[in-house]
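Asks: Below you'll find the structure I mean.
The values are calculated or read from the model by the stated rules, or taken from the named source; none is laboratory data. None of the values given here were measured: they were computed from a predicted structure. Ideal geometry is used to build each Cβ from the backbone, glycine not excepted, and the neighbour counts take in all protein chains shown.
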There are 2 protein chains.
Amino acid sequence: MNFREKNRLRGFSHERDLARKFFRLGFAVMRGPASGAKSNHIIYPDIVAIKDGVIFVFEVKTSTKDRIIYVPKHQVDKLIEFSKRANALPFIVVKIVGKTGWRFIKIEYLDITKSGNYKITPALIYNGMTFSDIISLTSKIKQSK
Amino acid sequence: MNFREKNRLRGFSHERDLARKFFRLGFAVMRGPASGAKSNHIIYPDIVAIKDGVIFVFEVKTSTKDRIIYVPKHQVDKLIEFSKRANALPFIVVKIVGKTGWRFIKIEYLDITKSGNYKITPALIYNGMTFSDIISLTSKIKQSK
């Protein structure tokens with residue numbers, strides 16, 4: 001198993017933990033196919049978590065150190081497209097393993113690179129919404145419905 | 001490849017077609033893991049299709065002939081549990097290949113067998129809601145929101 005493959009598997013394992021965390025708190029949860037890529041001309045995000053009609057859609061990233069995390073344009077486009085169709089709230093979810101819990105970053109906060117992709121700085125990660133913030137947000141939206 | 005394996009693959013291929021059908025009409029679509037079974041203690045249905053906040057959750061069955069289709073209790077329980085969490089509309093979706101299009105059956109119409117599982121008679125299938133019925137229902141619910 002090479003370095004890249006190892007990273008990929010580590011990512012999946014963290015992603016599964018995140019899915020379980022939402023499931024335990026009463027969310028209905030779906031995970032996209034492991035390929036992460038387009039599958040059968042359908043765009044799948046990493047995780048969809050729904051509670052009482054409040055729909056979240058996530059692209060999940062993990063890192064083992066503080067660094068700028070790059071998100072390819074097609075992944076952000078996918079999140080936005082899915083959100084528009086579903087009327088969902090899209091987030092890039094990042095964890096710096098051993099340093100932070102899950103941090104939820106809104107799409108509009110992302111910086112765009114010269115090549116049209118997106119980047120997330122460590123400062124953005126550390127200031128991102130926490131899992132508890134997302135749970136509070138869910139209750140707030142539900143009440144206002 | 002044995003008979004059962006062949007059936008399973010045929011089922012997946014039809015399920016993929018159904019997912020694509022919803023995607024083409026503007027739905028956000030997710031498919032559960034191919035195992036169909038419990039995965040990581042999370043319950044996954046076959047397909048979730050969402051449009052503008054209207055959420056459908058499907059367990060998909062195909063047959064090559066008119067017959068009673070049995071649905072194990074745990075699959076129906078899974079659909080109901082997911083629907084409660086998400087505030088979604090659950091359906092068993094059936095296609096008799098070469099004879100019917102997709103037919104959407106409400107859980108409450110299912111007959112219960114002595115062993116506590118569920119069965120769907122051909123009459124129930126032929127009288128089930130069509131794909132167009134589901135699309136109309138989506139618009140109606142959306143308007144009433």
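Asks: Residues to consider are B:64, B:121, B:113; find the one that is within 16 Å of the chain's Cα centre (by Cα), away from chain A (no Cβ under 14 Å) and among the polar types (S, T, N, Q).
Replies: One residue alone meets the criteria, B:121.
Asks: Go through region A:34-58 and count every residue that is at pLDDT below 90 and more than 9 Å from chain B (Cβ to nearest Cβ).
Replies: First, the residues of region A:34-58 that are at pLDDT below 90: A:34-44.
This time we only want the ones that are more than 9 Å from chain B (Cβ to nearest Cβ), so: A:35-38.
The number of residues fulfilling the criteria is 4.
Asks: Hey, another quick one. Sort out which residues of region A:75-114 are of a type in the set (S, T, N, Q) and closer than 20 Å to residue A:63 by Cβ, and write them in order of number.
Replies: Those that are of a type in the set (S, T, N, Q) and closer than 20 Å to residue A:63 by Cβ: A:75, A:100, A:113.
Asks: Any residue at all in region A:117-127 that is crowded, with 19+ Cβ neighbours inside 10 Å, in contact with a Gly (Cβ under 7 Å, 6 or more places away or on another chain) and of a type outside the set (Gly, Ala, Ser)?
Replies: no
Asks: Restricting region B:1-33 to residues that are within 17 Å of residue B:88 (Cβ to Cβ) and touching a residue at least 24 places away in the same chain (Cβ under 8 Å), which is farthest from the other protein chains (Cβ to nearest Cβ)?
Replies: The qualifying residue farthest from the other protein chains (Cβ to nearest Cβ) is B:18.
Asks: How many residues does region B:72-116 hold that are in contact with a strand residue (DSSP E or B) (Cβ under 9 Å, 6 or more places away or on another chain) and over 17 Å from residue B:129 (Cβ atoms)?
Replies: Count: 16.
Asks: Which one of the conditions (1) under 14 Å from the mean Cα position of the chain (by Cα); (2) more than 21 Å from residue A:51 (Cβ to Cβ); (3) not charged (D, E, K, R) does residue B:3 fail to meet, given that it meets all the rest?
Replies: Residue B:3 satisfies every listed condition except (1).
Asks: Pick out the one residue from A:56, A:22 that is among the aromatic types (Phe, Trp, Tyr), touching a strand residue (DSSP E or B) at 6+ places or on another chain (Cβ under 9 Å), buried (at least 22 other Cβ atoms within 10 Å of the Cβ) and assigned to a helix (DSSP H, G or I).
Replies: A:22
Asks: Looking at A:33, A:45 in this structure, which one is surrounded by fewer than 24 Cβ atoms within 10 Å (Cβ to Cβ) and either in a loop (DSSP other than H, G, I, E, B) or touching a strand residue (DSSP E or B) at 6+ places or on another chain (Cβ under 7 Å) (or both)?
Replies: Details: A:45 fails: surrounded by fewer than 24 Cβ atoms within 10 Å (Cβ to Cβ).
So the residue among A:33, A:45 that is surrounded by fewer than 24 Cβ atoms within 10 Å (Cβ to Cβ) and either in a loop (DSSP other than H, G, I, E, B) or touching a strand residue (DSSP E or B) at 6+ places or on another chain (Cβ under 7 Å) (or both) is A:33.
Asks: For region A:68-102, give me each residue that is aliphatic (A, V, I, L, M), within 14 Å of chain B (Cβ to nearest Cβ) and touching a Pro at 6+ places or on another chain (Cβ under 8 Å).
Replies: A:79, A:80
Asks: Could you please find all residues in region B:71-107 being part of a strand (DSSP E or B) and of a type outside the set (Val, Ile, Thr)?
Replies: Passing the criteria: B:89, B:90, B:91, B:95, B:103, B:104, B:106.
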